[in-house]
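Read-outs throughout are calculated quantities, based only on the coordinates presented, and are distinct from any laboratory measurement. Bear in mind that the values here come from a model prediction, so they are computed numbers and not experimental data. Neighbour counts run over all protein chains shown; Cβ positions are idealised from the backbone, glycine included.
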Amino acid sequence: MSEQPMRISAPFDDATARALKAGDHVLISGTILAARDAAHKRMVEALDRGEELPVDLRGAVVYYVGPSPAKPGQAIGAAGPTTAGRMDAYTPRLLDQGLKGMIGKGYRTPEVVDAMKKHGVPYLAAVGGAGALISGCIKKYTVLAYADLGPEAVAAMEVEDFPAIVAIDAEGNDYYEQGQAPYRRLGETAHGR
Amino acid sequence: MREIQAEAISKAVAELAVRACCHLPQDVYESLGARRAQEPSPAGRNILAQLMDNADIAAREQMPICQDTGLAVIFVELGQDAHIVGGDLNAAIHEGVRRGYVDGCLRKSCVAEPLFERANTGDNTPAVIHVSVAPGDGLRLRLAPKGAGSENKSVLKMLTPADGIEGVRQVVLDAVLAAGPNSCPPLVVGVGLGGDMEMAAICAKKAAVRDLGSRNPDPRYAALEDELLELINRTGIGPQGLGGETTALKVHVEWYPTHIASLPVAVNINCHAARHAEAIL
């Protein structure tokens, strides 16, 4: 693991996705896809009906975000990560479509981690609640689909040096667990999460 | 009898919404700095520094600290000798929320009903309003935008008296462990004890949005606040759940008398963006 940030570009190829290790600090440049709860639900419903998705997920890095509105002259408002766990029910289906990376915050279910390992996909954490700081890394925000969902629409984001930490890598190593263990002092009552 | 214009209430609420969402309260900012100085985890210190940078940028650019500008939760203390004229109180508050969120470029995160269409109301109304009547002729408005990452991890348990303080500790610890990184630690943890079901929850919410410098006036409950904070900071969760000793900035306890057979415990979790702003009319 590296605390010196590594510069990587998005979308991810297989090699990039698999090279990221739990605890690595990265700065991402390129294009990522914004999607969260309602968009995930719609995409999976479209797949259930046998329809094409409105965006190509092959190699895509999805960022779980619902930004606040841009003021005049800004590309976007505050844009920190939202809780990834709410997407868990839908995530394996999107990984089957070629999704290669996810950015959010918080724990994932074992089912999602299994699907990540199967497809060689890492999950990265951005700093939750640092919406104004992250906003400065987003240079362009273009709605691609489901515009009626407002802040929940699917959008392309052009990012420069977007900071994130690899929370769970493509082998299933979990940096939440690794990072917390040295500081856990609950004694007999310790039962983790 | 003193008259308060409904329009003045709307104006004040709109201003409070923008102030609360874009300006991290000074007490929270100072607490982040103090904890950063003590945090042994390098990653944890780094995150605490980023949160302070984030607050600086938000204030400078009048941008929300966090994109989840929440439901607008408003505690209203209405003096019994005050008379509201030119409109009704609830409508005036909703109008203020509408203006604050629309004109202030805050995110609209309210859906019209919870289960079926879940259509966004488009202006973040309605607000969640709690009114109490107090002596005097003033009107105190305390607005706390409450995001879902933290609110979703709140807990209510109806303990019984035999569960005692150990039961309370376990409910709080379990809630914090379940929240983990999802609720954006370091947290401010509001604990409501006693009352009945909804009174415990309201006490917890009031505790979660209290000023960070404050302590429960009863020394036994103030000691419980310290003890619970110490316990939470031994979970190892740390800033953003990536490990460290700063899992919470503060624990606040509020209580109410309760039934001889009851010990309700509510835990309302607030994230590090522990936003609150107050105005007195």
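Over all pairs of distinct alpha carbons, what does the Kirkwood formula give as the hydrodynamic radius of chain B, in Å? Show your work: numbers first, answer last.
On the way: mean 1/r = 0.0515 Å⁻¹.
Averaging 1/r across every pair of different Cα atoms and inverting gives 19.4 Å.
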*Express in whole angstrom the spacing between the alpha-carbon centres of region A:1-80 and region B:259-277.*
34 Å
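Any idea what the alpha-carbon Rg over 2.2 N^0.38 Å comes to for region B:1-108?
On the way: Rg = 17.8 Å, N = 108, 2.2 N^0.38 = 13.0 Å.
Scaled against compact globular proteins, the figure is 1.37.
How long are the three semi-axes of the equivalent ellipsoid of the protein assembly as shown, in whole Å, if each is the root of 5 times an eigenvalue of the C-alpha gyration tensor, listed from largest down? Show your work: numbers first, answer last.
On the way: eigenvalues 261, 155, 80 Å².
Value: 36, 28, 20 Å, ordered largest first.
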*Could you line up B:R140, B:R19 from fewest to most neighbouring Cβ atoms inside 10 Å?*
B:R140, B:R19
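Once the piece of chain linking B:I280 and B:I165 is laid out straight, how much longer is it, given 0.36 nm per residue of separation minus the C-alpha distance between them?
Gain in length upon complete extension: 37.7 nm.
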*Å³ per residue of the Cα convex hull, for region B:75-178?*
164 Å³
*With Cβ to Cβ distances under 13 Å as the rule, what net charge do the other residues near B:V133 carry (K, R +1; D, E -1)?*
-2
*With a point put 7 Å past each Cα toward its Cβ, work out how far A:A156 is from B:S262 in nm, to one decimal.*
5.7 nm
_With a cut-off of 8 Å between alpha carbons and a minimum separation of six or more residues, what is the relative contact order of chain B in percent?_
26 percent
*Pop the C-beta distance of A:D48 and B:D56 into the FRET formula with R0 = 60 Å and round what comes out to the nearest 0.05.*
0.85
*Starting with the fewest neighbours, write out A:F162, B:F116 ranked by other beta-carbon atoms found within 10 Å of each beta-carbon.*
B:F116, A:F162
*With a point put 7 Å past each Cα toward its Cβ, work out how far B:E30 is from A:K139 in nm, to one decimal.*
4.1 nm
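How much of the DSSP beta bridge set in chain B is antiparallel, as a percent to the nearest 5?
55 percent
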*How much FRET efficiency would the formula 1/(1 + (r/R0)^6) give for B:D218 and B:A49, where r is the Cβ-Cβ distance and R0 is 35 Å, rounded to 0.05?*
0.45
*Pick from B:P114, B:P181, B:P126: which residue has the top mean-square fluctuation in a GNM of chain B where Cα pairs under 10 Å get a spring?*
B:P114
*For region A:6-13, take each phi angle, set θ = phi - 60°, evaluate the Karplus expression 6.51 cos²θ - 1.76 cosθ + 1.60, and give the result in whole Hz per residue in order, putting x for glycine and proline.*
9, 8, 9, 10, 10, x, 8, 9
*At B:E198 and B:Q38, where each label point lies 7 Å from the Cα along Cα→Cβ, what is the point-to-point distance in nanometres?*
3.8 nm
*asked:* Based on the alpha-carbon set only, what is the convex hull volume of region B:149-275 divided per residue, in Å³?
replied: 85 Å³
*Kindly state, to the nearest 0.05, the FRET efficiency for A:T109 paired with A:Q4, given R0 = 30 Å and r defined as their beta-carbon distance.*
0.45
*So which lysines can A:K118 reach, going by Cα to Cα under 27 Å and dropping same-chain residues fewer than 8 places off?*
A:K21, A:K41, A:K100, A:K105
_Cross-link partners of B:K157 among lysines (Cα-Cα below 17 Å; sequence separation of 8 or more within a chain)_ = B:K205
*A:K71 label point, 7 Å along Cα→Cβ, cut-off 18 Å on backbone N: hits in region B:244-280?*
none
_Going 7 Å from the Cα of A:S29 along its beta-carbon direction, which residues of region A:95-137 have the amide nitrogen within less than 14 Å of the resulting point?_
A:137
*asked:* Once the cut-off is 28 Å, how many percent of the Cα-Cα pairs in chain A end up in the long-distance tail?
replied: 22 percent
